[in-house]
Amino acid sequence: MSLPLLEPAPRLPIHDAAACLQTVSRLRAARAPRAVIVGNPNVGKTTLVNGLAGTNLKVGNWSGVTVEKREASLTFQGRSVQLLDLPGAYSLSPHTPEELITRTALLDEAPEVAINVLDAGNLERNLYLTLQLMDFRMPIVVALNLVDEAKDKGMTVEAAALERALGVPVIETVASRGNGLGQLIGAALERAEVGQGVTYPAEIEGSVSRLVARMAQLSTLPTHAHRYLALSLLEGDPSIRGRLAATGHADLLAAADREALLLDASGEDALITVAEARYARAAQIAQAAIPQVVARRTLTDRLDSVALHRWFGIPVFLATVLLVFRLTFSVAAPFVALIGGPLQDTVSGWAAAALSWAPFFLRELVVGAVIPGVGTVLSFLPTLLVLYLAMSFLEDSGYMARAAFLADRMMRSIGLDGRAFIPLILGFGCNVPAVYATRTLENRSDRVLVSMILPFMSCSARLPVYIIFAAALFPKQGSVLVWAMYILGMAVAFAFAFVLRRTSLKNEGGGVLLELPPYRLPAPRVLWKHAWRRTASFARRARTTVLGTVAVVWLLLAIPAVSGSKFASVRPADSLFGTVSMWVSPVFAPLGFGTWQATGALVPGFVAKEVVVATLGQIYLGEQAATPAPLGLFAGLKTAALGTWTAVKESVQAIPTVLALPSLGADASGDAKSPLAAALAKAFTPAAGLAYLVFVLLYTPCIATVGAIQAEHGRKIAWITVAYQMGTAWVAGLIVYQVARLFL
Amino acid sequence: MSETTLDTLRPGEAAHIIGLTPGHPLRRRLMELGFIRGAKVSVLRTAPMGDPVELRLGGTELALRRADLESVRVRL
């Protein structure tokens, strides 16, 4: 009945998935009531949902990581409920694609009840959304959250008074401790009410009732939304108008235009009148619920007086970023060594023992290609986990929003604004969620522009390549080199933003509004969940994409391309892989690395950047790799246990060094002369190695990022991005090699 | 009771809103956040390079650029 109202959803894979989800949900609706969870951003919604659903929370991976619609089913006193967690929204007139998701769900999913989460410390603004929900004529219960934070601000909110004023059940919750959640679900199932919404001035109410009467004659629009739709039309909400026009409601639009003219004639600007009426009512309710306020200096005030300080703000930001990177490297490094060393040796040893019966090529494939390849990639999991933990902390604590504030002026000089800074920073972790995070930007041209420059931000998968080359060629200047790569990536990204903004992706205008939510100590459980989910998706790629690529590369390396060689015992140079790479390699001769080995390793990097290292290993060590000695069960366990003990000890010892002054040049020498590093030191001149790193930094987004860009902005943008980055990487590599050759 | 625009206020100063310039792209959004007639808005601080400007309105803290503040008319 309500399908015609489906929003012109942003171009996401979610579209089809969401449509079929809806069908499923309608079939299900007969049995389990559906509850949507709505609220302003930063009201503790995620924590509340985690508390309600526990481990049942199913995270749909169809629409990104930061911005998503999440579903869970739970059983409460023998009754099952479907929960649908929606992105935070200040109002139901969408300004960003993520707010659009929220409104689309309210219109189309026809939920039985809405659970509206309120921030007790910011009642008036939060009630604006509540009152808009009441225009929706949908049963509501209110979760009054963050009461403790309100107390810190000097406000005591009386839930009973709020309940009387709103006419819907109000349950006090402390989401972070799980208090009140059972009562909340109970109330949602038993006592939800439509509530006493706003009574607008008589002229507006007259227009609304005439429009609602008109909608009642049509059977195309969901009944619960009539009043909301009428008000949106009077307010001139462009997205609702567009949608109704597209679904053959021209008569209704004409009627709305006549009503708007009528209002104009009586001197009413519906947009202002409606907003003022809602805020007047919100203020009235807030006054009833909060009898007195004793203004106090909050923690946020105190922190911001340093974090946003005119002179200290930027140094604090840089120090924070530095700290995150140092934490990532020093604390995680021992575990990286553990996975790449003792654990991998153990697994290889066991595999060699278990496969002693197998034919030679199978043993080679498993022990010589799959285990080292996947092992190399998995060994970066500790680094990623620490990096993601730190980033989730910065995001959830509210500091990332401050970074946007500090960076706005700088971003303006390249034609963007502070909000675009957040996806770029997230890009240092992984480009894929960063592309989805562009969905919080308002203008399409901004979203496209940021997505196109994002892959220049050096994601964590590129780090292994820098580290191994640093160890091989620049053991003394390791951290300087790594820093230089990050900075070069940013510089190139900014340069292209500058150019694109002035040529094809012009500013749409629209003003800049940055929200600065109060600081909050993120709940460790939520933090761990975010970080773990992101790390796990990396690990899944090791199982699928990386495993597949390693196997294919091994196969290509095993197939002889010259006569006289046997399958699986051919020299790499004589393999099919070697021969094809040899044809392509002259392209890279001006960049200093025109060998088939260097060229060949770049190809699988398109699949995932971390595979470059794995492939370099396969190629350079392929000839000399000694089959690991078979290990017995006990010997293997001993190796693994000893290795783990060492790693834990070293990691704990590294914690204090994080706070020490950065000593450039000291680190990055952990695996100084690993066999691969030694091989690379022989194969590359320093200038060529540098050019190679620059090329790897810039040359192409990985396939997952290309997929994300395509899903968000279409195939054309995705392939343009790949093509222009290839060109940029080649030119930059050329310059670096030709210049560096003179000095190194 | 002098009228001015919000960009002229210095950190620490406060004013009451009169209205927003019609046609400004942020008009609807700001109204939804509480930028309505009579609401009290105070200027907290400016960013390191003088722009944007952090404001407090009700319990909300947010930042706008000076160029956009010009379209917010206030009464001191």
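The values are calculated or read from the model by the stated rules, or taken from the named source; none is laboratory data. Just so it is clear, the structure is predicted and the values come from calculations on it, not from any experiment. Cβ sites come from the backbone with ideal geometry, for glycine too, and all protein chains shown count toward neighbours.
Observations
- Among the residues making up the stretch A:272-303, those that are within 11 Å of chain B (Cβ to nearest Cβ), part of a helix (DSSP H, G or I) and surrounded by fewer than 17 Cβ atoms within 10 Å (Cβ to Cβ) are A:Ala280, A:Asp301.
- Taking the listed residues A:Ile487, A:Ile559, A:Ile468, the one that is in contact with an Asp or Glu (Cβ under 9 Å, 6 or more places away or on another chain), modelled with pLDDT of 85 or more and of a type in the set (Val, Ile, Thr) is A:Ile468, with no other qualifying.
- Answer residue from the stretch A:304-313, given it is crowded, with 17+ Cβ neighbours inside 10 Å and of a type in the set (A, V, I, L, M) and is nearest to the other protein chains (Cβ to nearest Cβ) among those: A:Leu308
- Screening A:Thr549 against (1) in contact with a helix residue (DSSP H, G or I) (Cβ under 7 Å, 6 or more places away or on another chain); (2) away from chain B (no Cβ under 14 Å); (3) surrounded by fewer than 19 Cβ atoms within 10 Å (Cβ to Cβ) leaves a single unmet condition, (3).
- Test result for A:Leu74, part of a helix (DSSP H, G or I) and either touching a residue at least 60 places away in the same chain (Cβ under 8 Å) or in contact with a Lys or Arg (Cβ under 7 Å, 6 or more places away or on another chain) (or both): no
- Candidate set: the stretch A:347-389, residues that are among the hydroxyl-bearing types (Ser, Thr, Tyr) and either buried (at least 19 other Cβ atoms within 10 Å of the Cβ) or in contact with a helix residue (DSSP H, G or I) (Cβ under 7 Å, 6 or more places away or on another chain) (or both); chosen: the one nearest to A:Lys638 (Cα to Cα): A:Ser348
- Meets criteria (part of a helix (DSSP H, G or I), away from chain B (no Cβ under 14 Å) and either out of contact with any helix residue (DSSP H, G or I) (no Cβ under 8 Å at 6 or more places or on another chain) or modelled with pLDDT under 85 (or both)) for A:Leu318: no
- Given (1) modelled with pLDDT under 85; (2) within 14 Å of chain B (Cβ to nearest Cβ), number of the condition A:Leu516 does not satisfy: (1)
- The stretch B:66-75 - residue that is farther than 26 Å from A:Gly121 by Cα and touching a helix residue (DSSP H, G or I) at 6+ places or on another chain (Cβ under 9 Å) and, of those, nearest to the other protein chains (Cβ to nearest Cβ): B:Asp68
- Hits in the stretch A:166-217 - residues which are in contact (Cβ under 8 Å) with a residue 60 or more places away in the chain, in a helix (DSSP H, G or I), hydrophobic (A, V, I, L, M, F, W, C) and under 30 Å from A:Ala260 (Cβ atoms): A:Leu166, A:Ile204
- Positions within the stretch B:16-27 being within 8 Å of another protein chain (Cβ to nearest Cβ) and crowded, with 21+ Cβ neighbours inside 10 Å, in sequence order: B:Leu26
- Some residue of the stretch B:34-57 being within 12 Å of chain A (Cβ to nearest Cβ), among the polar types (S, T, N, Q) and not in a strand (DSSP E or B): no
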